[in-house]
Ligand code: GLU
């Protein structure tokens, strides 16, 4: 079976254990004769990404002993690809401009939460007439672009780790695929790249679980291949909360400086929430063989 996996970090900071966990399993899953493991740098958001973090990502992965077969690919250099797929959705009438300000969106979200409803876009710009929308665009009013989500459908998929998943589209709401500054939103570039790069299996943190139905809807609309998804549990600190600076999480660089050996970290991560038949300290190849 052809297996193509990837690790897709955003260079907004140093890698931590959660990143290493996702990267390790994605690399282990691809470690078959026909398998490939890709590295993709998700560096579209110029306000948060910094070039030095890209260097640190490569350095940290090399230190861990994780090798990628293809890449690194940089999303910042793939804007034309996103523009082509954006054009397909636009011509199919599945997009509309949204002029809502961040303040208006926050207010609407607060009202929904106060009313005990799931927060989602209330659809006010979906109801603008095409004339009104073009007039406001012509006047240069800043606009994001939203993807129209059908209201009464179900998105179902079989998560590789969590089993069957179902999401009602009514609780998703139309979501932004192009930001006001013209850059593609995460949902869009991430899903398009997985399809364009032939990714068959996406392993990523559970914090992305609610993004998956949106990405499946986009890939369906674009008639692109949908990968299989597996959402890894988040590693928590002693307080039960996901690892963060607040509960003492350290970056891989800090752990390295503290004297931890890479193979020890990798073995620790490989046995966290995952059973391996072989006991003892294993090489990365042996860990991958038992995955
Ligand atoms: N850039 C995203 C992140 O670092 C990628 C998520 C994914 O693996 O799809 O969270």
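Criterion first (surrounded by 20 or more Cβ atoms within 10 Å (Cβ to Cβ) and either away from the ligand (no atom under 16 Å from the Cβ) or modelled with pLDDT of 95 or more (or both)) does residue 224 satisfy it? So residue 224 fails the test. On the basis of being modelled with pLDDT of 95 or more and in contact with a strand residue (DSSP E or B) (Cβ under 6 Å, 6 or more places away or on another chain), does residue 89 make the cut? Criteria met by residue 89.
Here the strands (runs of 3 or more DSSP E) wholly within the range 1-77 that include at least 2 residues being under 17 Å from the mean Cα position of the chain (by Cα) and within 12 Å of the ligand (Cβ to nearest atom) are 4-7, 36-41.
When restricted to residues that are assigned to a loop (DSSP other than H, G, I, E, B) and either under 23 Å from residue 234 (Cα atoms) or touching a strand residue (DSSP E or B) at 6+ places or on another chain (Cβ under 6 Å) (or both), the range 149-171 contains 3. The residues of the range 194-211 that are near the ligand (Cβ under 9 Å from one of its atoms) and part of a helix (DSSP H, G or I), listed by number, are 194, 207, 208, 211. Considering 274, 231, the condition of being at pLDDT below 95, under 25 Å from residue 166 (Cα atoms) and outside any helix (DSSP H, G or I) is satisfied by 274 alone.
The values are calculated or read from the model by the stated rules, or taken from the named source; none is laboratory data. If you're wondering where the values come from, they're calculated on a predicted model, not measured in any experiment. Reconstructed Cβ throughout: ideal geometry from the backbone, glycine too, with neighbour counts over all protein chains shown.
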